[in-house]
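Chemist: Got a structure for you, questions after.
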Amino acid sequence: MEVGLIGLGGMGTGMAKSLLRAGHRVTVFNRTQARAEALRGDGATVAATPAGACGSGVVMTMLADDAALESLVFGDGGILASLPRGGIHISCSTIGVALSDRLTATHLSAGQEFVSCPVFGRPDAAEAGRLAVVAAGPTEVVNRCKPLFESLGPKLLIVGEKPSLANVVKLSGNFLIASVLESLSEAIAFARKSGVDAATLMDFLTSTLFNAPVYKTYGGLIVEGNYENVGFALPLGLKDTRLVLQAAEAKSVPMPIASVIRDRFITAMARGNSNKDWSALGLVAAEDAGLAPAPNQPKR
């Protein structure tokens, strides 16, 4: 397929490479043009404007937050003004349910299609084509876009015709990951202060009761104190937790654990960790327990 891709952070760049490797013709745009130019060697065409990435009639976006996506869609020369009638906007960003519903209605009014397609995975998985993909939108449109989704990873979940359903799935998943981060952080701090070797504990737990990638990946990062390996920045974790709480409140669903996690992210940021991975919740738990930094963390 011929497709545009706007937003070339770690995830967007990896997704572009997977799409190109699968044989799709990809036109890329990024505000920092050097990131787009870096993909020429992989076969990408570089657009000078967002409108240039909409020329094929199918454009994917992978942006950091609601504000960035709103600016790109509704701003002068943005996606809404640049996509032709019948064109498709595929949003891969983690955005709020309310914004997803607004985009659905606005694109429909313009004679365009909107598909929500958030993904699970870190940048290395994006580049390797190993993301888990969640899609929702009109059945015929989703089916047309399947070759793109299948290029991003082996697992595709189609949850319905209402695009924001995919955002509910994504926010639910990110809430669960954040819950794992906090529980791992507390358990590891408890073990360390009690004299149990944290690496031994995690090796045992992740080979028995908790034999899942999320425990292995993040347990390892927390044990090592490897918070500089930023696959998902801590402020984005706070952003997603806030989105979960907003969407849950709109449905009158209390989520007390999400409220605790939001405050833990705020604490981590208040202590100067905004440039770290969201697994830096482990650093907060260790500091609260009066522990010295883990091996890879400098002493303050």
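The values are calculated or read from the model by the stated rules, or taken from the named source; none is laboratory data. Values in this document were obtained by computation on a predicted structure and should not be read as measured data. Don't worry about glycine lacking a Cβ; one is built from the backbone with ideal geometry, like all the others, and counts go over all protein chains shown.
Chemist: Checking I188 against (1) surrounded by fewer than 19 Cβ atoms within 10 Å (Cβ to Cβ); (2) assigned to a helix (DSSP H, G or I), which single condition isn't satisfied?
Modeler: Every condition holds for I188 apart from (1).
Chemist: I'm trying to understand the selection: among the residues of segment 107-131, which are over 16 Å from G10 (Cα atoms) and surrounded by fewer than 24 Cβ atoms within 10 Å (Cβ to Cβ)?
Modeler: Across segment 107-131, the qualifying residues are H107, L108, S109, A110, G111, Q112.
Chemist: Please determine, by comparing only the residues of segment 244-278 that are of a type in the set (A, V, I, L, M) and loosely packed, with under 12 Cβ neighbours inside 10 Å, which one is farthest from L221 (Cα to Cα).
Modeler: In this case the residue turns out to be A250.
Chemist: Based on what the data block shows, is D240 surrounded by fewer than 22 Cβ atoms within 10 Å (Cβ to Cβ) and modelled with pLDDT of 95 or more?
Modeler: Criteria not met by D240.
Chemist: Just to be sure, is V196 surrounded by fewer than 19 Cβ atoms within 10 Å (Cβ to Cβ) and either closer than 27 Å to C92 by Cα or β-branched (V, I, T) (or both)?
Modeler: So V196 fits the description; yes.
Chemist: Can we say V223 is among the β-branched types (V, I, T) and not in a helix (DSSP H, G or I)?
Modeler: Taking the combined requirement at face value, the residue does not satisfy it.
Chemist: Only one of these is over 30 Å from L99 (Cβ atoms) and either touching a Pro at 6+ places or on another chain (Cβ under 8 Å) or assigned by TED's automatic domain parsing to the domain that holds G121 (or both): A286, A199, A187. Name it.
Modeler: After ruling out the rest, the residue left standing is A286.
Chemist: When you go through V168, V133, V115 one by one, which is the residue that is within 24 Å of I257 (Cβ to Cβ) and not acidic (D, E)?
Modeler: Answer to the check: V168.
Chemist: Shifting gears a bit: Output the residues belonging to segment 9-37 that are closer than 13 Å to T61 by Cα and free of Cβ contacts under 8 Å to residues at least 12 places away in the same chain.
Modeler: R31 - this is the single residue of segment 9-37 that is closer than 13 Å to T61 by Cα and free of Cβ contacts under 8 Å to residues at least 12 places away in the same chain.
Chemist: Scan the helices (runs of 4 or more DSSP H) fully inside segment 54-161 and keep the ones with 2 or more residues being aliphatic (A, V, I, L, M) and under 20 Å from the mean Cα position of the chain (by Cα).
Modeler: In segment 54-161, 66-74, 97-109, 123-128, 139-152 are the helices (runs of 4 or more DSSP H) which contain 2 or more residues that are aliphatic (A, V, I, L, M) and under 20 Å from the mean Cα position of the chain (by Cα).
Chemist: Then there is this: From the list T61, T49, T104, which one is at pLDDT 95 or above, among the β-branched types (V, I, T) and surrounded by fewer than 16 Cβ atoms within 10 Å (Cβ to Cβ)?
Modeler: T49
Chemist: Follow-up question, since we're still on this one. Assuming K216 fulfils every condition listed in (1) without any contact (Cβ under 8 Å) to a residue 40 or more places away in the chain; (2) of a type in the set (K, R); (3) buried (at least 18 other Cβ atoms within 10 Å of the Cβ) apart from one, which condition is it?
Modeler: So the condition that K216 fails would be (3).
Chemist: In this structure, does A166 turn out to be in a helix (DSSP H, G or I) and in contact with a strand residue (DSSP E or B) (Cβ under 7 Å, 6 or more places away or on another chain)?
Modeler: Against the criterion (in a helix (DSSP H, G or I) and in contact with a strand residue (DSSP E or B) (Cβ under 7 Å, 6 or more places away or on another chain)), A166 qualifies.
Chemist: Taking only segment 266-292 into account, find how many residues are closer than 11 Å to S185 by Cα and among the β-branched types (V, I, T).
Modeler: So the count comes out to 1.
Chemist: Next up: Confirm whether A250 is over 19 Å from the mean Cα position of the chain (by Cα) and at pLDDT below 95.
Modeler: No, not satisfied.
Chemist: From (1) at positive phi; (2) outside any loop (DSSP other than H, G, I, E, B), pick out the condition that doesn't hold for K239.
Modeler: (1)
Chemist: Of the residues S279, S259, S274, which is touching a Pro at 6+ places or on another chain (Cβ under 6 Å), of a type in the set (G, A, S), in contact (Cβ under 8 Å) with a residue 12 or more places away in the chain and not assigned by TED's automatic domain parsing to the domain that holds A64?
Modeler: S274
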